[in-house]
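Q: Here it is, the structure, as structure tokens.
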Amino acid sequence: MKLSKYFYYTKSVEDALEALQKSQGPRKILAGGTDLLLDLQQGRHPPIATLIDITNIPEMKMLEHRAREIFIGAAVPHRVITTSSTIRLHAEALAEASGLIGGPQVRNVATLGGNIAHALPAADGTIALMALDARAEIATIDGRRLVSLANLFKGPGQSVLDPDKDLLVGFYIAEKLPGQGSAFRRIMRPQGVAIAILNCAVWVQRAGSVIKDIRISIGPSGPTPRRLVEVEDALRGKHPDEDVIESAYQVLLERVNFRTSKHRATQAYRQEMAGVLLRETLHLAWKRAEA
């Protein structure tokens, strides 16, 4: 089965943008292709006239310090992220999330940008980046812009990216400072199906024995990835003992309408496990934030 009529191998961001502008549609950016190519082969994706390969654009494969931020190119594979000493130091949650995506062969080619661009409510990389308050860099022929990750999604499998104009270049996260830590945990089906029943990422900043600041994301907790701001408010300024975490968990149950999914789990199971994940992930992030 032919996957596309035209194939562009691009060597720069500008090259890829030109291909997007001039190629025949419908067109699609190809990064790792671990989801896209299977979807095309199995008829779950409409036919594509043009594939634009961005896997070897140097800028999009960078992982480096820039000022006081970490830049991760959209074409960086998960294997590189999870083994990076920089990510392990500054973004533990992302290193852990990338290490749980697929198996070793998938992580060798699947990219962080592809994980985010799919816009799924429980994508592991997305949930980790939400807690890390990441910003996405998007390029067009007219220039570049930075968008908060929270503003990148508009529905299940839908992002604000214009498939005919926008190229997701990479992501920025703040470097880790003393007293800060993050963690990611996930519950999967025991059969090894590569979808999460639930996942959770927490970033925390300590001030002595209390939580000075905190960011929490749990997926899926709605039609789009999001921060659980009300749960964060229930924890901020307090010591994370069992009573405080239990109160925050009750807020979570009030604010998140978990649903039953035949592919994932029942509503009741998810509600119960959300409390387990919140406790485990918060405790680990808190420990890592020890000055």
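Q: When ligands, DNA and RNA are left out and all protein chains stay put, how many square angstrom of accessible area per residue does the chain have with a 1.4 Å probe? Don't skip to the end; give the middle numbers.
A: Details: 13550 Å² over 291 residues.
Counting only protein heavy atoms, the per-residue value for the chain is 47 Å².
Q: Rounded to two decimals, what ratio of Rg to Rh does segment 6-69 give with C-alpha atoms and a Kirkwood Rh?
A: Numbers: Rg = 13.9 Å, Rh = 13.0 Å.
Expressed as Rg/Rh, it is 1.07.
Q: Now for a separate question. With a 1.4 Å probe and every protein chain kept in, tell me what percent of the accessible surface of segment 1-64 is carbon plus sulfur.
A: Values: 1890 of 3680 Å².
About 51 percent, which is the carbon plus sulfur part of the accessible surface.
Q: Leaving ligands, DNA and RNA out of it, report the carbon-plus-sulfur percent of the accessible area of segment 213-280 at a 1.4 Å probe.
A: On the way: 1580 of 3410 Å².
Within segment 213-280, the accessible surface is 46 percent carbon and sulfur.
Q: Any of Lys154/Lys212; Lys11/Lys61; Lys5/Lys154; Lys154/Lys262; Lys28/Lys262; Lys212/Lys287 with alpha carbons more than 22 Å apart? Name them for me.
A: Numbers: Lys154/Lys212 30 Å; Lys11/Lys61 11 Å; Lys5/Lys154 30 Å; Lys154/Lys262 24 Å; Lys28/Lys262 30 Å; Lys212/Lys287 14 Å.
Among Lys154/Lys212; Lys11/Lys61; Lys5/Lys154; Lys154/Lys262; Lys28/Lys262; Lys212/Lys287, the Cα-Cα distance tops 22 Å for Lys154/Lys212; Lys5/Lys154; Lys154/Lys262; Lys28/Lys262.
Q: So for segment 150-291, what percent of the C-alpha to C-alpha distances run longer than 20 Å? Please list the in-between numbers first.
A: Working: 5180 of 10011 pairs.
Cα-Cα pairs of segment 150-291 separated by over 20 Å account for 52 percent.
Q: Quickly work out the Leu37-to-Lys212 label distance, labels modelled 7 Å from Cα along the C-beta direction, and quote it in nm with one decimal.
A: Spacing of the two 7 Å Cα→Cβ label points: 4.7 nm.
Q: Only Cα pairs under 8 Å and at least 6 apart count here; give the relative contact order of segment 134-188 as a rounded whole percent. Please list the in-between numbers first.
A: Values: 58 pairs, mean separation 21.1, N = 55.
Contact order relative to length: 38 percent.
Q: Additional query: From the Cα trace of segment 114-208, what convex hull volume per residue do you get, rounded to a whole Å³? Write out the running numbers ahead of the final one.
A: On the way: hull volume 11.0 nm³, N = 95.
Output value, Cα hull per residue: 116 Å³.
Q: Then there is this: Compute a Gaussian network model of the chain, connecting alpha carbons closer than 10 Å, and tell me which residue from Ala95, Ala19, Ala67 fluctuates the most.
A: Among Ala95, Ala19, Ala67, the largest mean-square fluctuation in the Gaussian network model of the chain belongs to Ala67.
Q: Let me ask something else about it. What percent antiparallel are the DSSP beta bridges of the chain, to the nearest 5?
A: Numbers: 41 of 49 bridges.
Restricted to the chain, the bridges split so that about 85 percent are antiparallel.
Q: Return the Rg/Rh value of segment 232-291, two decimal places, where both radii are evaluated on C-alpha atoms and Rh is the Kirkwood radius.
A: Details: Rg = 13.1 Å, Rh = 12.6 Å.
Taking Rg over the Kirkwood Rh, I get 1.04.
Q: I'd like the carbon and sulfur percentage of the solvent accessible area for segment 101-181, probe radius 1.4 Å, heavy atoms only, ligands and nucleic acids excluded. Spell out each step's value before the answer.
A: Details: 1710 of 3250 Å².
Here carbon and sulfur together make up 53 percent of the probe-accessible area.
Q: Tell me the Kirkwood radius of the chain: reciprocal of the mean inverse pair distance over distinct alpha-carbon atoms, in Å. If you can, show how the numbers build up before the last one.
A: On the way: mean 1/r = 0.0511 Å⁻¹.
In the chain this quantity evaluates to 19.6 Å.
The values are calculated or read from the model by the stated rules, or taken from the named source; none is laboratory data. Quick caveat, the model's predicted, so the values are computed rather than measured. Cβ atoms come from the backbone with ideal geometry, glycine included; neighbour counts cover every protein chain shown. All accessible areas refer to the heavy atoms of the entire protein, side chains included, with ligands and DNA or RNA removed. Shrake-Rupley method; radii C 1.70, N 1.55, O 1.52, S 1.80 Å.
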